[in-house]
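To start, the structure itself, in structure tokens.
The values are calculated or read from the model by the stated rules, or taken from the named source; none is laboratory data. Because the structure is predicted, anything quoted here is derived from the model rather than measured. Virtual Cβ from ideal backbone geometry, glycine too; neighbours counted across all protein chains shown. Surface areas here come from the heavy atoms of the whole protein model, side chains and all, with no ligands, DNA or RNA. Shrake-Rupley method; radii C 1.70, N 1.55, O 1.52, S 1.80 Å.
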Amino acid sequence: MLDSWFLLIPLLLSLLAGLGAGLLPALRRRTACRIWTGIFLLLTSGCMLYAALALPGRAFTLWRMTPEIAIRLSLDSLSRFFLGLVAVMWPLAGFYALEYMEHEEEEHRFHAFFLLTQGVLSGLTMAENLVTFYLFYEAMTLITLPLVLHTRTRESIAAGIKYLVYSVFGASAALLGIFYLNGACATLSFVPGGSLRDAAAPALQGIVFCMILGFGTKAGMFPLHGWLPTAHPAAPAPASAVLSGIITKMGVLGVIRTVFYCVGADALRGTWVQTAWMILALITVFMGSMLALREDLFKKRLAYSSVSQVSYVLFGLSTLTAAGFEGALLHVFFHSAIKMTLFFTAGAVICKTGLTRVSDLKGIGKRMPGVFVCFTLVSLGLIGIPPTGGFVSKWFIASGAMALPSAFAYIGPAVLLLSAILTAAYLLPVSIHGFLPGRDAKLPDLTPVRVGPLMMIPMGLLALLTLLGGMFPDRLLAYLRAVSGLIV
């Protein structure tokens, strides 16, 4: 019983930490706020990691809304994966923010909502059923909105409104599906392989497609991807990092729970829903890469990159194969590490030099060599060059596609390869011009820029994780194979 109660600890700790940072006058002082935030980031993440590693199978009911509907937390194998992901990535972004936010006003407010979001994500990843998932999913949107709005400029307010409108629309489509699945499934609890009563129900496929689109909105899937390139340039860099690295993955989690734990992959295999899903994912992969290539604003280029790369995950899932599923979850992990590092490097450039456009970054590698070594390493991972983690995940996604008995066995890998080439085209020139600007380049300033350890250490750790994870993926891959074996 005490083990089950422990699932509440991350929620309670983050609630205490966030309210304290936002409301206590003593924490308006920068030093006190930073100490408070750092302590609770570590405490909450430590509890999340302990739960993910040591408490498999535990469950706890928060309350019952009706005799049939319970707000309930549990730790199945998928929950443990996503909970561990948040536990590892979130404090790195939090400590990065401690230095980055020094140049922002009302720093305590940002840290307050950042801490609250961590708790909401712990509840979201541990949700035992669709109703619980939806409750925390909506809470995540509302709690992360102030992170986008933080600077309160006209641009950030417009971006926040767009983020909210897209998110509410997507969540409403998902809610429609929950109403339907309440009668179509034996239970709204997550059951490996699904609990569908009648796979031939006439409205089922349309409802499931609506849910994929709804949750896919948060993941940035076409045609509801527009909030991502608008929100990222307006938000502070730490918020951009977690929006791309973590928050988009909660949309992916919603798709996984719907398709593999409520409806079941067999009900969709070979249907128009699978075909449409694959088409939309591949359109997003290609479109995001093309738009990133054309974009000069540094953070917006990375935002379009996220649009493309998260749809690698969605495409892997849409194949409904074991290899595709394993590759998708591998890409969830490695993309989180890679994209957070890329936004960290962009934030370091903006924070320390004020430069915001790629065209202005010639010679920047000479001024910030450590930052751009990390940028280059994770860029190779995003392209998919071995032995980085991005190569491993994309290998499995392509393998899943090639197992399909349709034209997508060729179209899918071809689009993924084309996107990889485009990724190299929009990332590698940043590094090349950063370190080798050319003899004729006009460089107004080559003064070295100091980046503090609170910003450098998270970048370095995530870059190292991208490399080592690709070199030694066996343990993670074995775990994901066990997960896929239950549902695909």
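So if we plug the beta-carbon distance of Thr61 and Ala414 into 1/(1 + (r/R0)^6) with R0 = 35 Å, what FRET efficiency do we get, rounded to 0.05? In this case the efficiency is close to 0.15. Solvent exposure of the chain amounts to 36 Å² per residue of accessible area, where only protein heavy atoms count and the probe is 1.4 Å.
Would you give the gap between the C-alpha center of region 348-362 and the C-alpha center of region 82-139, rounded to a whole Å? Rounded to whole Å, the Cα centres lie 27 Å apart. Summing charges over all other residues whose Cβ lies under 14 Å from the Cβ of Ile246, with Lys and Arg as +1 and Asp and Glu as -1, gives +3. Projected label points at Asp266 and Leu468, each 7 Å from Cα along the beta carbon direction, are separated by 4.2 nanometres.
Shown here: P(r) over Cα pairs in 10 Å bins from 0, in percent, derived from the displayed model; of the candidates (i) 4, 17, 23, 19, 14, 11, 8, 3, 0; (ii) 4, 21, 32, 27, 12, 3, 0, 0; (iii) 3, 14, 22, 22, 16, 11, 7, 3, 1, 1, 0, 0, it corresponds to (ii). For region 208-224, backbone nitrogen atoms closer than 17 Å to the point 7 Å from Ser406 Cα along Cα-to-C-beta are found at 208-210, 212-213. Working from label points 7 Å from Cα in the Cα-to-Cβ sense, the Glu155 to Asp296 distance is 1.4 nm.
Please give the calculated 222 nm ellipticity per residue for the chain, where each DSSP H segment of at least 4 residues contributes -39500 (n - 2.57) and the sum is spread over every residue; nearest 500 deg cm²/dmol?
Computed ellipticity for the chain at 222 nm equals -24000 deg cm²/dmol.
Other residues with beta-carbon under 14 Å from the beta-carbon of Ile487 carry, at +1 per Lys or Arg and -1 per Asp or Glu, a net charge of 0. Computed extension gain for Ala482 through Phe435, at 0.36 nm per residue and net of the alpha carbon distance, reaches 12.6 nm. Taking the accessible area of the chain, probe 1.4 Å, and keeping the other protein chains in place, the carbon and sulfur fraction comes to 68%.
Gain on full extension, evaluated as 0.36 nm per residue between Arg197 and Glu68 minus their Cα-Cα distance, stands at 44.7 nm.
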